[in-house]
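What follows draws every value from the coordinates through simple rules; no lab data is involved. Note that the structure is predicted; figures quoted are calculated from it, not measured. Cβ: placed from backbone, ideal geometry, glycine included. Neighbour counts: every protein chain shown.
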Amino acid sequence: MDCRDRGDLFQRKVISSFTSHNLNSHQTSTCVVSCFDFRVQPETAKFQKAIGVELHDPLTIPGGIKSINDSETEELMKKWLGVSYHGHNVRKFVLIAHSNCLAYAEECKDLSDFLEFLFHQNELRKAADKILSWFPDAETKLYYAFLDKEECCTKFREVSLTDPVSIVVTETTAV
Ligand SMILES: [Zn+2]
């Protein structure tokens, strides 16, 4: 077998495995809603891997969950998330908000880091409640990404949907 043959074999194997797992099935388990901000996307991708989210539907738009909570855009978001739910059989929605988000510049402009976290925690819970009212058998996981002042490190906190205690549940630093 020469190099070209081996190359063909490798290509066929990869294409066949990709096809059988993804393209024909229309099935994945998770949709991730996050902000398109270039400062957090690379860390978000690493974080997703760290929590076991690999193949997924990414819904990456300015402000992420803001459009779920905004009355002007919520119907559109319901429709888009419905494509994941009905079309790809997604039953898990991962929602990621982040600090210093331009989409929330007005709402968060004079808030301390902690108050900004509480604000986003509330936003995450509101968005999760809506998703669960649209798709009652789905589950949600909520995370807040904190960008440090140098914007070179992002820490992710898991936010509980029901726990009244508003401090950190878990904290993970993406590496
Ligand atoms: Zn943002």
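Of note:
- Per-residue Karplus couplings for region 120-129, computed as 6.51 cos²θ - 1.76 cosθ + 1.60 with θ equal to phi - 60°, are listed in order as 5, 4, 5, 4, 4, 5, 4, 5, 5, 4 Hz, Gly and Pro entered as x.
- Think of region 35-173 as having a plus end and a minus end, set by charges on the Cβ of Lys, Arg, Asp and Glu; of A105, F38, L115, F38 sits farthest toward the positive end of this dipole.
- Estimated dipole of region 35-173 in Debye, rounded to 20 [Cβ of Lys and Arg +1, of Asp and Glu -1, Cα centre]: 400
- Residue order, fewest to most beta carbons within 10 Å, for E158, E72: E72, E158
- Sorting H86, H120 from the fewest to the most surrounding beta carbons within 10 angstrom yields H86, H120.
- Peptide packing for 43-50, 135-142 was compared via the average number of neighbouring C-beta atoms within 10 Å per residue; ordered from the highest value, the list is 43-50, 135-142.
- Total formal charge among the other residues, if their Cβ is under 12 angstrom from that of E107, Lys/Arg +1 and Asp/Glu -1: -3
- Neighbour net charge for I68 - beta-carbon separation under 12 angstrom, K R +1, D E -1: 0
- Sum of side-chain charges, K130 neighbourhood, beta-carbon under 9 Å (Lys, Arg +1; Asp, Glu -1): 0
- Residue-by-residue Karplus 3J(HN,Hα) for region 105-117, coefficients 6.51, -1.76, 1.60, Hz, glycine and proline x: 4, 5, 5, 10, 4, 10, 8, 5, 4, 5, 5, 5, 4
- Approximating the spin labels as points 7 Å out from Cα along Cα→Cβ, the F38-to-K126 distance works out to 2.9 nm.
- Dmax and Rg, reported as Rg then Dmax, of region 35-173 (C-alpha, Å): 14.3, 42
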